[in-house]
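What follows draws every value from the coordinates through simple rules; no lab data is involved. On a predicted model such as this, the values are computed, not experimentally measured, just so you know. With ideal geometry, Cβ positions are generated from the backbone for all residues, glycine too; neighbour counts draw on all protein chains shown.
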Amino acid sequence: MKTRQIVVILLLALSAAAARSAETLTLTRDGKTDYAVVVPENAAPVQVSAAAELAETLRKISGVPFPIKKESEVAAGPDAKLLVIGPSETSKRLLGGEVDESAVPYDGIILKQAGSSIVFSGHPVRGPLYAVYTFLEDELGCRWWTESESFIPKTDRIEAGDFDVVYAPELIYRESFYSGLTGRANAQIAAHLKTNGASEDIPPELGGHHVYQYFVHSFYSVIKPEEFLDHPDWFSEIGGRRKVAGWGLSKEDLSRIPAENIGEDGSQLCLTNEELFGVFLERVRKELDAHPEATIVSVSQNDCGGWCECGKCSKIAEEEGSQSGPIIRFVNRIAEELEKSHPNVLVDTLAYRYSRKPPEHVVARDNVIVRLCSIECSFVQNLDGEYGPSLVTGRRRPADEPQNRSFRDDMVKWSEHAAHIFVWDYVTNFSQYLIPFPNYRVMQDNVRFFVRHHTLGLFEQGDYQTTTGDFVQMRAWILAKLLWNPDTPLSPLYEEFLSGYYAPELTPLYLEYFELLSDAAESTGEVIGIYRQNTLGWLDLETFNKCSDLLDRITAKAEELERSNPDLYTGLLYKVRRERIPLDMVLLQNYNAYSEQAQAEGKEFRAPARADMPAFYEEFRARCKAAGLVCVYEGCSPERFEEYMTDVIGEIVPPEEKKAE
Ligand SMILES: [Zn+2]
């Protein structure tokens with residue numbers, strides 16, 4: 001718990017030192033400013049970016065250019081009007097010992113008035129940039145929704161005051177894993193949203209990001225499966241025979257290995273084999289030497305079963321009461337050696353599926369990260385096993401989900417067995433990205449749950465392969481906000497995004513939509529995991545009809561808004577129609593089931609007549625195409641997407657009928 005304790009103690013000390021200053025500062029008036037943005041003499045790239053973004057955004061807001069000056073060019077007297085990018089001599093002088101910049105925890109910020117000046121400072125890696133972003137967002141009302149959409153207010157008089165922020169996030173690793181935040185092309189929005197994960201390819205001038213060597217499931221990245229031919233003892237013994245996982249092997253290698261040596265449920269490595277240990281260590285060292293930018297190396301099990309059952313490995317698993325025992329003992333040995341050659345690198349391993357249960361005795365070394373995965377859990381209940389709060393009333397239904405409680409018990413115990421806990425959490429349905437996933441109420445509960453249980457890094461795996469899904473832009477944004485501050489009130493976050501990215505008029509309607517879906521899921525008591533093919537079992541016909549009606553009203557409203565105010569709302573109808581894809585997918589998947597039920601029970605089914613379904617389908621496909629959609633489940637390809645969609649419409653209108661039309 002060392003790192004976490006330090007963070008908490010420092011935060012308390014910093015908060016105690018902070019005092020509020022009530023003077024309102026006028027940054028622009030009558031097309032002029034008395035202020036200058038000030039950078040240190042040898043500003044770091046991140047400070048240069050912070051200064052440039054501050055000056056440029058203030059100009060966009062007011063039309064007034066703000067000069068950027070070096071410290072030596074300004075006098076920092078009590079009446080000076082400076083926007084100081086720290087840490088620097090000037091920021092130190094202005095803070096006057098009230099806040100110690102050198103003691104700010106990782107990614108922490110200082111945003112503070114000092115007389116008529118403002119200090120933007122914090123931890124040197126990203127602090128000054130994050131302080132500028134916080135000021136522009138919280139004090140001036142700027143918003144960054146996606147890489148291409150933002151809101152910058154306009155005024156000729158910029159005023160700011162009564163702010164005093166000293167804050168550091170408890171999560172030092174924050175990743176909201178959506179396609180809209182990954183890669184270099186989305187680096188600016190990822191930085192704006194203060195995420196810093198491995199796939200968020202943020203350049204040094206925007207603060208960079210955590211760099212992994214091997215991201216996950218690295219056993220076969222280090223030891224190639226074809227090495228089984230020469231070194232079967234490096235691989236798992238399963239049922240009395242050494243075995244290798246068949247995937248990853250070329251056809252030729254596969255033909256050289258007898259079928260009884262291929263692990264049915266995959267295979268791992270023999271973690272007590274001394275020769276393997278030496279080779280593994282040497283190769284990891286070599287890779288780290290070749291990639292000095294990496295600060296974390298993954299030494300983690302393959303994404304399959306097949307742990308080693310040899311005498312030595314089994315003995316450890318028995319002593320430790322879990323398959324995590326042999327893993328942590330192996331990883332600890334690697335970490336102990338790497339500490340000598342690579343003291344700044346942490347070694348990351350998984351507590352995943354067969355290794356999720358913590359060991360009885362061994363404790364992970366201080367330079368080891370244990371990455372716990374919530375893959376078995378239900379996500380309509382939170383990880384304490386309860387339902388989340390209504391987004392409108394805040395009320396909760398009682399629940400007691402045993403699977404999630406078992407995860408909670410493992411989480412509690414891991415926090416006693418590892419100083420560094422990262423979590424791999426899941427926030428979408430990987431078997432079907434394009435249907436509603438009713439976890440709207442629990443996303444915050446779960447982030448808070450992880451932080452409460454000493455998590456330092458959180459990877460939220462969302463719809464990373466699709467441009468469209470169940471409100472993916474909103475989810476990416478909300479999750480990023482929660483990763484930065486898990487206590488940000490949830491309903492206002494929804495309201496803010498819905499109003500800003502769509503339109504304020506649509507906010508209550510969309511909230512009602514999420515409430516209808518959440519209520520439907522909760523009222524069934526279903527376990528809703530991340531691999532469901534469709535919504536049958538929780539999304540009943542009546543709720544479908546109500547949702548359909550709501551989305552009709554939203555579409556009509558969006559049409560009216562875009563027509564009456566094109567300057568403000570061009571593109572709104574496109575977004576609203578794109579966000580209807582999930583409910584339309586429900587209609588397509590469940591058309592026959594809902595039709596039969598409606599007929600049998602004399603109920604309404606709000607859907608086109610069967611004869612009109614080909615036209616509905618064509619229009620749906622056109623919308624998918626416009627949204628760049630070629631993926632319906634994890635690992636899907638454009639060809640499989642075509643096949644999937646052809647099957648879906650084929651169930652409603654068989655191909656021969658379509659041809660006969
Ligand atoms: Zn073994």
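Here are the numbers for the structure shown:
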{"item": "Relative packing of 88-96, 273-281, 406-414, which averages over residues the other C-beta atoms within 10 Å, highest first", "result": "88-96, 406-414, 273-281"}
{"item": "Projected area averaged over orientations for the chain, convex hull of C-alpha atoms, nm²", "result": "33.7 nm²"}
{"item": "Magnitude of the charge dipole, the range 457-603, Cβ model with Lys/Arg +1 and Asp/Glu -1, debye to 20", "result": "400 debye"}
{"item": "Fraction of beta bridges assigned by DSSP in the chain that are antiparallel (%, nearest 5)", "result": "35 percent"}
{"item": "Span-rule helices in the chain, defined as complete DSSP H runs reaching 15 Å or more along the axis (Cα) with Kyte mean at least 0.0", "result": "2-17, 45-62, 472-484, 507-524"}
{"item": "Farthest toward positive dipole pole in the range 212-373 [+1 Lys/Arg, -1 Asp/Glu at C-beta], among LEU350, PHE228, HIS291", "result": "LEU350"}
{"item": "Residues TYR644, TYR130, TYR354 arranged by fewest to most Cβ contacts within 10 Å", "result": "TYR644, TYR354, TYR130"}
{"item": "Neighbour net charge for GLN589 - beta-carbon separation under 13 angstrom, K R +1, D E -1", "result": "-2"}
{"item": "Cα centroid separation - the range 231-303 against the range 102-159, whole Å", "result": "47 Å"}
{"item": "Distant-in-sequence amide H partners of LYS69 (H built 1.01 Å from N, under 5 Å)", "result": "VAL37, VAL38, VAL39"}
{"item": "Unit charges at the beta carbon, dipole of the range 554-602: most positive-side option, ALA600, ALA558, LEU583", "result": "ALA558"}
{"item": "The range 175-189 and the range 325-392: distance between their alpha carbon centers, rounded to Å", "result": "25 Å"}
{"item": "Gap separating the Cα centres of the range 600-636 and the range 425-443, nearest whole Å", "result": "20 Å"}
{"item": "Radius 12 Å from Cβ of ARG256, net charge of other residues (Lys, Arg +1; Asp, Glu -1)", "result": "-3"}
{"item": "Exposure proxy order (Cβ contacts within 10 Å, fewest to most) of PHE135, PHE379, PHE151", "result": "PHE151, PHE135, PHE379"}
{"item": "Set of lysines with alpha-carbon distance to LYS315 below 30 Å, sequence-local pairs under 8 removed", "result": "LYS224, LYS243, LYS340, LYS357, LYS413"}
{"item": "Dipole magnitude of the range 2-168, debye to nearest 20 (Cβ charges: Lys/Arg +1, Asp/Glu -1, about Cα centre)", "result": "120 debye"}
{"item": "5 angstrom amide H check on GLY263, placed H, neighbours 5+ away", "result": "VAL244, ALA245, GLY246"}
{"item": "Gain upon complete extension [ALA626, GLU318; 0.36 nm per residue less C-alpha separation]", "result": "105.3 nm"}
{"item": "Length-normalised contact order of the chain in % [C-alpha pairs under 8 Å, at least 6 apart]", "result": "10 percent"}
{"item": "Rounded if a/c under 1.5, otherwise prolate or oblate - the range 434-574, Cα gyration tensor axes", "result": "oblate"}
{"item": "Cα shape, the range 415-465, gyration tensor, a/c 1.5 rule", "result": "prolate"}
{"item": "The range 520-618: equivalent-ellipsoid semi-axes (sqrt of 5 x gyration tensor eigenvalues, Cα, Å)", "result": "28, 17, 13"}
{"item": "Positive-end residue, the range 374-499 charge dipole about Cα centroid, Cβ charges, pick of PHE471, CYS377, GLY388", "result": "GLY388"}
{"item": "Calculated FRET efficiency for the pair ARG606/ALA52, C-beta based, R₀ 51 Å, to 0.05", "result": "0.45"}
{"item": "Cβ-Cβ FRET estimate between LYS81 and VAL165, R0 fixed at 25 Å, reported to 0.05", "result": "0.80"}
{"item": "Mean projected area in nm² (Cα convex hull; one quarter of hull surface) for the range 2-168", "result": "9.7 nm²"}
{"item": "Pairwise FRET efficiency - THR570 versus LYS32, Cβ, R0 = 22 Å, nearest 0.05", "result": "0.05"}
{"item": "Shape category assigned to the range 609-651 from the gyration tensor of Cα positions, a/c cut at 1.5", "result": "oblate"}
{"item": "Gained length - GLU416 relative to ARG563, 0.36 nm times residue gap less alpha-carbon distance", "result": "47.0 nm"}
{"item": "Debye equation applied to the C-alpha atoms of the range 212-373, log10 I(q)/I(0) at 0.20 Å⁻¹", "result": "-1.32"}
